[in-house]
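Visitor: First, the structure itself, so that you have it in front of you.
Throughout, read-outs are computed from the coordinates displayed, never taken from laboratory work. Fair warning: this is a prediction, and the values are worked out from it, not measured in the lab. Backbone-built Cβ (ideal geometry, glycine too); neighbour counts: all protein chains shown.
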Amino acid sequence: MTSRPQHTPTAALVNRLWSLIPSGGSLPESVWRARHRFLVGLTFFHVAIIACAAFIVAKHWDFSPWTFLDDDNGMHIIGEAMVVGLFGLLACWRRPGRTVQATFVGFGLMSSSAILVHLSGGYIELHFHFFVMLTFLALCQDWIPYLLAVAFVAVHHGVVGVLYPQSVYNHEAAFNAPWTWAGIHALFVLWSCVGSVVAWRFNEQAFAQTAQILQAAGEGIFGVDPEARISFINPAAASILGINARTVVGKKLGEVVQHLATDGTRLPDEDSPILAPLKNGRAQQAADQIFGRVDGSYVPVDYVSTPIIERDHLTGVVVSFNDITERHRSEAALQQSHRMLEETLQQLKTAQQQMVQQERLRAMGQMASGIAHDFNNSLSPIVGFAELLMKTPDLPRETTKTYAELINTAALDAASVIRRLRELYRDRSDGVIGDPIDLRRCIDEVVALTQPRWKNQALGQGIAIRMDKRVEDVPRFPGDAAGVREMLANLIFNAVDAMPKGGTITVRARRDGACARLEVSDTGTGMSEEVRQHCLEPFFTTKGQHGTGLGLSQVHATVQRHAGDLTIESEPGRGSTFIVRLPLLGQPAAEAEPVDAAAPMRPLHVLLVDDDPLVRTAVVAQLTTQSHIVETATNGREGLERFESAPFDLVVTDRAMPEMGGDQLAAIIESVSPETPVIMLTGFGDLMSAKGEHPHGVDAVVSKPVTLDALTGAIAKVMRPQPAASR
């Protein structure tokens, strides 16, 4: 078992005092060199001063060898100056190291002090020269040369001054009591040393803190002087650049690190943005740059180059940089992950689209039976009344008219059923938000479309489901009517699935402030809180293999597309209520002003192009009742030949025809006779209107089956007022 050493108060005091003593030798190389150059220059300055003093204080000049020892000979003083100069030259010799160089410069300065005291005859004022030189020598922050210099002063004053006081002092009191004067001078030296050491310690602490900051910094930092030489460098920079921090100080920037251009070529030091602050005095920051190492490798970095300004003078540049190799690797890995994520997302989107299409096909299959039922109901009166008219031609005129009106009404109903069928396969992804929605009509249509599911199929399974509609007057509002119908159908199907033993589905609609409020409620099994929280998520289903999990997510998407909100209220065993609020923003699209079909119109020369003979016969009959002259063609090519052979006031054409379609025919007529209007008859009129499709050269589109009112209104719309005479 080891015991920790116990520190006595005395030992603690000693340690505390020892911490106040500078350690020495801790100056950075560049700082030490600058101070050493100053001290060497000061040494040679004293050489010049001593040499000049020879011409002032020398009593004679004698060049004989033994006279060099004569203090009054000028050559003796010149020799003393040469001794100080020799110390200065030895101080410039770098090979022995910093301590030896500082020792030589210390002996040079102390020797010059002793010589000046001697030349002055021992004037007390010049004794302070020793103290000043000791202060200057403390700039090297090296104990050995400093203590040797103090020893020089002690020998000069304590030994020479006692043994030969006349060579050190110039007054009688010193001659009589040399020890006293030596002690007084020793006291001055002591206080001078204390002041120098204290300043030395503070200076050492400041440099130590700066060095610790540079050592601890995680980013690379180096300094460059105005001559583009490295003045300092921290370990992080040396590690990143793969160099030895001690050997690069003083070298040119290009010998340590190379700034590479984007194409990999080396930038000369004078063109490197790193040194730009030396020219303009402004900080330079750059990202994704390339530093070349000495071994030929390179490293990507972000760097900041900041000017060092001292007393409004630019003294260098500090460069801090970060190795961004790991960031580049992370970015590359992130890009790879992003690409993989995009591919996966695209696959998910494709799968979702396929699932959505399957869901719509399933809904279409359920609703198509209802449409087929309604279509057969519409055909029944047409076939029945038509047979009566054919078998009993002698019916009364009023009865015949009644039968004809009923046939016409049934045919229009059948056309309406076909329009509803188109809504099943219409794309909802780009549903138009802006068409006026009649919510009551949407509810009636969807209830009728879904009747085979909630009534017929349910009754076939012995399940009784009752539909309760409670619809108040709701203003029309802009939106996607087809999307709203699909949303309602999904909510009704969801309600049917939630009532395996039957029950009641209630559809409510009313105005709720600035919103249209639509509610679909059921008396089914209800949902738990967990299911309620997740039921709107795509592919979430509680129906197993019988459900896709897309019905309610499509409902939610439709509500969001209309900038509305969806609320679900449900409890297990007490049914569910889906509450949809759709904003009544804006005004519904203005309905087109009715065309005055009764307005008189001059007879027109009309070209009718249609490949269906029954349609041609019906349209010719309709146009003839309006006193128009009609010529017909069976396809677009034949129609174009007739158009080129005679003038026509109006062209009425089908869209899908053999050899040449209506789109191509209309475009050609537009190019050769732009003043001739073209009306297109097509079974896709409603779908074209929903998609905003308008073929070039077509002035109006009339949906099939064509009614006389629709055809007359289109003619009145496209025909501009013209003189009564035929052209």
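Visitor: Among 508-521, 188-201, how do they line up from the highest to the lowest mean number of other beta-carbon atoms within 10 Å?
Guide: Numbers: 508-521: 18.1, 188-201: 16.0.
Highest to lowest by the protection proxy: 508-521, 188-201.
Visitor: In whole Hz, what ³J(HN,Hα) sequence does the stretch 294-303 give by Karplus (6.51, -1.76, 1.60; θ = phi - 60°), x for Gly and Pro?
Guide: Karplus values, whole Hz, x for Gly and Pro: 5, 7, x, 7, 9, 9, x, 9, 10, 9.
Visitor: Near the amide H of Ile308, under 5 Å away, which other amide H atoms are found, from residues 5 or more places off or on another chain, if H is placed in the peptide plane?
Guide: Thr315, Gly316, Val317, Val318
Visitor: What is the set of long-range amide H partners of Asp323 at a cut-off below 5 Å, with H atoms built 1.01 Å from backbone N?
Guide: Under 5 Å from the amide H of Asp323: Gly220.
Visitor: Right, here's the next one. List, in the order given, every pair from Lys401/Lys704; Lys469/Lys501; Lys391/Lys704; Lys469/Lys704 whose Cα-Cα distance in the structure shown is over 30 Å. Please report the intermediate quantities before stating the final value.
Guide: On the way: Lys401/Lys704 23 Å; Lys469/Lys501 21 Å; Lys391/Lys704 28 Å; Lys469/Lys704 32 Å.
Among Lys401/Lys704; Lys469/Lys501; Lys391/Lys704; Lys469/Lys704, the Cα-Cα distance tops 30 Å for Lys469/Lys704.
Visitor: Search the structure for amide H atoms under 5 Å from the amide H of Leu604, placed 1.01 Å from N in the peptide plane, and list their residues when 5 or more places away or on another chain.
Guide: So Leu604 has HN proximity to His628, Ile629.
Visitor: Step by step: find N for the stretch 19-214, compute 2.2 N^0.38 Å, then divide the Cα radius of gyration by it. What's the final number?
Guide: With N residues counted in the stretch 19-214, Rg over 2.2 N^0.38 Å equals 1.11.
Visitor: With θ set to phi - 60°, apply the Karplus curve 6.51 cos²θ - 1.76 cosθ + 1.60 along the stretch 140-146 and write out the HN-Hα couplings as whole Hz, x wherever there is a Gly or Pro.
Guide: Taking θ as phi minus 60°, the curve returns 6, 6, 9, 5, 4, x, 5 Hz for the stretch 140-146.
Visitor: Next question, about the same structure. If I take every Cα pair under 8 Å that is 6 or more residues apart in the stretch 171-260, average their sequence separation and divide by the length, what percent do I get for the relative contact order? Don't skip to the answer; put the middle values down first.
Guide: Working: 63 pairs, mean separation 15.1, N = 90.
Across the stretch 171-260, relative contact order equals 17 percent.
Visitor: For Ala563 and Asp312, FRET efficiency with R0 = 45 Å and r from the beta-carbon atoms, rounded to 0.05?
Guide: Details: r = 63 Å, r/R0 = 1.39.
After rounding to 0.05, the efficiency reads 0.10.
Visitor: With labels modelled as points extended 7 Å from the Cα through the Cβ direction, what inter-label distance (nm, one decimal) is found for Glu638 paired with His694?
Guide: Spacing of the two 7 Å Cα→Cβ label points: 3.2 nm.
Visitor: Among the aspartates and glutamates, which have Cα under 12 Å from the Cα of Lys59 when same-chain residues fewer than 8 positions away are ignored?
Guide: Asp70, Asp71, Asp72
Visitor: If you don't mind, there's one more thing I want to ask. Can you check what the net charge comes to around Asn234, using other residues whose Cβ is under 15 Å from the Cβ of Asn234 (Lys, Arg +1; Asp, Glu -1)?
Guide: Working: positive: Arg246; negative: Glu29, Glu219, Asp323.
Its environment carries a net charge of -2.
Visitor: Additional query: Tell me, Met601, Met390 in order of fewest to most beta-carbon neighbours within 10 Å?
Guide: Details: Met601 15, Met390 8.
Ordered from fewest to most neighbouring Cβ atoms within 10 Å, Met601, Met390 come out as Met390, Met601.
Visitor: Next up: Grab the other residues whose beta carbon is less than 13 angstrom from that of Thr315, score K and R as +1, D and E as -1, and report the net. Write out the running numbers ahead of the final one.
Guide: Details: positive: Arg229, Arg311; negative: Asp225, Glu227, Glu310, Asp312.
Its environment carries a net charge of -2.
Visitor: What's the magnitude of the charge dipole for the stretch 217-323 around its Cα centre, counting Lys and Arg as +1 and Asp and Glu as -1 at the beta-carbon? Answer in Debye, nearest 20.
Guide: Result for the stretch 217-323 is approximately 240 debye, rounded to the nearest 20.
Visitor: Just order 495-501, 265-271 by mean Cβ neighbour count inside 10 Å, highest at the front, would you?
Guide: Details: 495-501: 18.7, 265-271: 12.4.
Taking the mean over residues of other Cβ atoms within 10 Å, the ranking is 495-501, 265-271.
Visitor: Tally Lys and Arg at +1 and Asp and Glu at -1 over the other residues with C-beta under 15 Å from the C-beta of Val40: what net charge comes out?
Guide: Details: positive: Arg33, Arg35, Arg37, Arg94, Arg98; negative: Asp142.
Overall, the nearby charge balance is +4.
Visitor: Among all the lysines, which ones have a C-alpha under 18 Å from Lys252's C-alpha, if same-chain residues fewer than 8 places away are not counted?
Guide: Lys279
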